[in-house]
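K.L.:
The structure under discussion is supplied below as structure tokens; questions concerning it will follow.
The values are calculated or read from the model by the stated rules, or taken from the named source; none is laboratory data. Worth saying up front: this structure is predicted, and the values here are computed from it rather than measured. Here the Cβ positions follow ideal geometry from the backbone for every residue, glycine too, while neighbour counts run over all protein chains shown. Areas reflect the complete protein model, heavy atoms only, side chains present, ligands, DNA and RNA absent. Shrake-Rupley method; radii C 1.70, N 1.55, O 1.52, S 1.80 Å.
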Amino acid sequence: GLGAEEAVGLERELKDAIGPAGGGCGSDPRALWRVLTARRLLKPSYPHAVHQLVYYAVYANYDASANGPPLYWFPSRLAVWECRRGRAGTGRIAYGDGTMGSPVHASYQSRCTNLGRLMKTHGSKLLGSSYEDPITSFKLFQSFSVQHPEASPVYWSIVLKELSILFREPPNCILDTSDKSKHGGTWIPGSVLNIAECCLLPSNYPAKKDDGIAIVWRDEGCDDSNVNQMTLKELREQVMFVANALDAMFLKGDAIAIDMPMTVTAVIIYLATILAGLIIVSIADSFAPKEIATRLRVSKAKAIFTQDFIVRGGRRFPLYSRVVEAAPSKAIVIPAVGNNVSIQLRKQDLSWKDFLSAKILFCRPHDFSPVYQPIESMTNILFSSGTTGDPKAIPWTQLSPIRCAADSWAHIDVQSGDVFCWPTNLGWVMGPILLYSCFLNGATLALYHGSPLGRDFGEFVQDAGVTILGTVPSLVKAWKSSECMKGLDWTKIKSFGSTGEASNVDDDLWLSSRAYYNPIVECCGGTELASSYIQGNLLQPQAFGAFSSASMTSGIVILDDYGVPYLDDQACVGEVGLFPIYMGATDRLLNADHEEVYFKGMPMYKGMHLRKHGDIVKRTVGGYFIVQGRADDTMNLGGIKTSSVEIERVCEQVDECVLETAAVSSAPVDGGPEQLAIFVVLKKQFDGESEKLKIRFSRAIQRNLNPLFKVSFVKIVPEFPRTASNKLLRRVLRDQLKQDVHISSRM
């Protein structure tokens, strides 16, 4: 796809890189790829076919089974700490394996990574003579932070000073393990604060100034306009104004739901609710009325903030009407466009304008005294699907934001001055994670009020100067296939984030190439952890679709079929078990037995009762991790966890010919998001057509569960495989699905 002159020039540069001038690394694919990306030979403007040609040619004869996954991004010592001496971008670079290479032109060359700074300052003190440098010693440092009882509190005492955390009353200690009934111990006991206030106050470190930009945003359809900006002072005043209105209407401790897109107004409502001592109930704006009603009932929400409509591509989609069908006691309705709601409200409901202009006289409407509470006080109720019945109601305390912001600080390297964008929603865990990762690290939050699927979003990323862009794999796949981002400049992006579902290597190749192969930090965790238990980072080489390490202070083991842990450096596949001492993880659920959900049936390991997460994880040669699905019957569809039972319950009501169904999911052979398949047993003397059932199943699931779900396959079978006790063997069906998909892909 290149012009003749450009093609000849690229060929010449590639030959130069392979030969002696490039260090003679042509025989080592990892070293060769490192040189190619260091020299920026593959430009973002080149057609993806060129990037594919070079990457797959470089690694054509690479043996991943013997050497671990192919690497595409490499840290440099210069990038990690020598930048302090103004040496970035000069001379030759020493890589983590001791080899030398040309200077890598990347944003990491101009400043230190957060973890690099921490290790440079404290590494020798903690690791003694074993410490060499942040890159060489990272794995040892991460292991030390888990294995030594005194190390984790030391790490967190350091990181707390790096975040914008202001205690009203300081903690008695970092970790108290005296209460043996708490598997994970008690973190930061005795401390009192308001985590929303921590987000809003200026600080010297991290650098947060009143006139600094806290939020940038753009509305869909206004793509020719400048990017909107809000300073920290303006944000604080808006939050306090809303907090006053909330305080006049509700009692401290009341649960207030929010079901709307993640707009600037939604962020203000979220922070104001917590500032006023209330509890946020997170509900995704894609849910059907039944799912909204369930969450309102479980949380006992007193009211709900929502919008009249959701506007996408110039079209209006109803939201308030869906919320009303869920029968909340009170709704406060924000207009999607303009200043006035464009729909008739119920008598007990309020428009946003009326809510803010209630007949309460505020002497100082932009001033509010935060409600200070103990660290263990609940601030947010989020939900995660169980295998049966109601979704699990997961309480976030004031500890949860600290954990997620700290992981972003350490692994994604969020710093003061960064512009952080991640298309998400406050109904999902990534919404609060994004919010706190920005405001507790001094970064700017970037919001696009519209669909992230098209070029308009890409233009916003370009115009807002986004430096960290978070994604989900299905979104990347859509961008790549539509070529909607062609010609845009994303080279200010220093790193990407990815979570929610399994990544596809070729999609990640496309994404990373948009910013001269800067790293994609893969993240895998859970709402109940307030973080990721495995992640990438900027002190280790990265591989597409793989996680390079467990998170800082997080211990994991991989269990065989008998519950016995594999050796730490052994390549293997099995269910993951988490060490129970996990800062930020839940110790209760609001509507389920926490002990039964997260610890029952898990083995002991070195005197610890391992915590259940449910992922099947592969550890490769070289210590990288690849998530291969769920151990239970929970599925991950488009980044949303749901249960087989929920889907089957809906499908079995679709047609009278259906006797029973079994829902399973599997990732495609070449990687990517899981695809939903429904196996069907028909009633006797009934006929059915797979394609017609697929359409009807999809419609029913979208209507009753989530409009984002889609059935990819339907297969009619005479009967289901079962155990002697008549338990359905979904595992057997899942294996059959993988085989069918593999045959189909080969055809």
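K.L.:
Anything in region 177-231 that is closer than 21 Å to residue 273 by Cβ and free of Cβ contacts under 8 Å to residues at least 40 places away in the same chain? List them, or say none.
P.N.:
Scanning region 177-231 gives 201, 230.
K.L.:
Sticking with this structure for a sec: Which pairs do you get when a residue that is open to solvent by 10 Å² or more (accessible area, probe 1.4 Å), found in region 258-281, comes within reach of a residue that is aliphatic (A, V, I, L, M) and in a loop (DSSP other than H, G, I, E, B), reach meaning Cβ atoms under 7 angstrom, with the pair 6+ apart or on two chains?
P.N.:
Filtered contacts from region 258-281: 262/426.
K.L.:
Looking at the structure I just gave you, is residue 674 surrounded by 13 or more Cβ atoms within 10 Å (Cβ to Cβ), at pLDDT below 90, among the charged types (D, E, K, R) and in contact with a helix residue (DSSP H, G or I) (Cβ under 9 Å, 6 or more places away or on another chain)?
P.N.:
no
K.L.:
Within region 710-741, can you find the residues that are closer than 14 Å to residue 660 by Cβ, modelled with pLDDT of 90 or more and surrounded by 16 or more Cβ atoms within 10 Å (Cβ to Cβ)?
P.N.:
Scanning region 710-741 gives 714, 715, 716.
K.L.:
Right, next: Would you mind stating whether residue 511 is in contact (Cβ under 8 Å) with a residue 24 or more places away in the chain, crowded, with 22+ Cβ neighbours inside 10 Å and more than 16 Å from the chain's Cα centre (by Cα)?
P.N.:
yes
K.L.:
Still on this structure: In region 583-607, what residues are crowded, with 17+ Cβ neighbours inside 10 Å and assigned to a strand (DSSP E or B)?
P.N.:
605
K.L.:
Let me ask something additional. Which residues, counting only those in region 539-548, are in contact with a helix residue (DSSP H, G or I) (Cβ under 7 Å, 6 or more places away or on another chain), open to solvent by 10 Å² or more (accessible area, probe 1.4 Å) and within 23 Å of residue 112 (Cα to Cα)?
P.N.:
540
K.L.:
Only one residue in 679, 686 is in a loop (DSSP other than H, G, I, E, B) and not acidic (Asp, Glu), so which one is that?
P.N.:
One residue alone meets the criteria, 686.
K.L.:
Check region 315-327 and report whether any residue there is closer than 20 Å to residue 253 by Cα and part of a strand (DSSP E or B).
P.N.:
Looking through region 315-327, none of the residues is closer than 20 Å to residue 253 by Cα and part of a strand (DSSP E or B).
K.L.:
Further question: Somewhere in region 547-565, is a residue modelled with pLDDT of 95 or more, farther than 24 Å from residue 610 by Cα and in contact with a Leu (Cβ under 6 Å, 6 or more places away or on another chain)?
P.N.:
No, that holds for no residue.
K.L.:
Six or more apart or on different chains, Cβ atoms under 6 Å: show the pairs whose first residue is in region 453-482 and touching a residue at least 60 places away in the same chain (Cβ under 8 Å) and whose second is open to solvent by 10 Å² or more (accessible area, probe 1.4 Å) and assigned to a helix (DSSP H, G or I).
P.N.:
480/510
K.L.:
In region 644-664, what count of residues is obtained for those that are open to solvent by 10 Å² or more (accessible area, probe 1.4 Å) and either within 12 Å of residue 704 (Cα to Cα) or not in a loop (DSSP other than H, G, I, E, B) (or both)?
P.N.:
Total satisfying the criteria: 9.
K.L.:
Would you be able to tell me the number of residues in region 493-522 that are at pLDDT 95 or above, of a type in the set (D, E, K, R) and either farther than 14 Å from residue 470 by Cα or not in a loop (DSSP other than H, G, I, E, B) (or both)?
P.N.:
2
K.L.:
Check region 616-637 and report whether any residue there is acidic (Asp, Glu) and either closer than 30 Å to residue 541 by Cα or open to solvent by less than 20 Å² (accessible area, probe 1.4 Å) (or both).
P.N.:
no
K.L.:
Conditions: (1) in contact with a Lys or Arg (Cβ under 6 Å, 6 or more places away or on another chain); (2) modelled with pLDDT under 90; (3) closer than 21 Å to residue 512 by Cα. Residue 71 meets all but one. Number of the miss?
P.N.:
(2)
K.L.:
Ok, one more. Report yes if residue 707 is within 25 Å of residue 499 (Cα to Cα), modelled with pLDDT under 80 and not in a helix (DSSP H, G or I), otherwise no.
P.N.:
It is false that residue 707 is within 25 Å of residue 499 (Cα to Cα), modelled with pLDDT under 80 and not in a helix (DSSP H, G or I).
K.L.:
Follow-up question, since we're still on this one. Say we look at region 446-492 and pick out the residues that are within 20 Å of residue 637 (Cβ to Cβ) and not in a helix (DSSP H, G or I); which of these is most open to solvent (accessible area, probe 1.4 Å)?
P.N.:
Looking at residues that are within 20 Å of residue 637 (Cβ to Cβ) and not in a helix (DSSP H, G or I), I get 453.
K.L.:
Oh, and also: Exactly one of these conditions fails for residue 383: (1) touching a Phe, Trp or Tyr at 6+ places or on another chain (Cβ under 9 Å); (2) within 26 Å of residue 306 (Cα to Cα); (3) in contact (Cβ under 8 Å) with a residue 60 or more places away in the chain; (4) hydrophobic (A, V, I, L, M, F, W, C). Give me its number.
P.N.:
(1)
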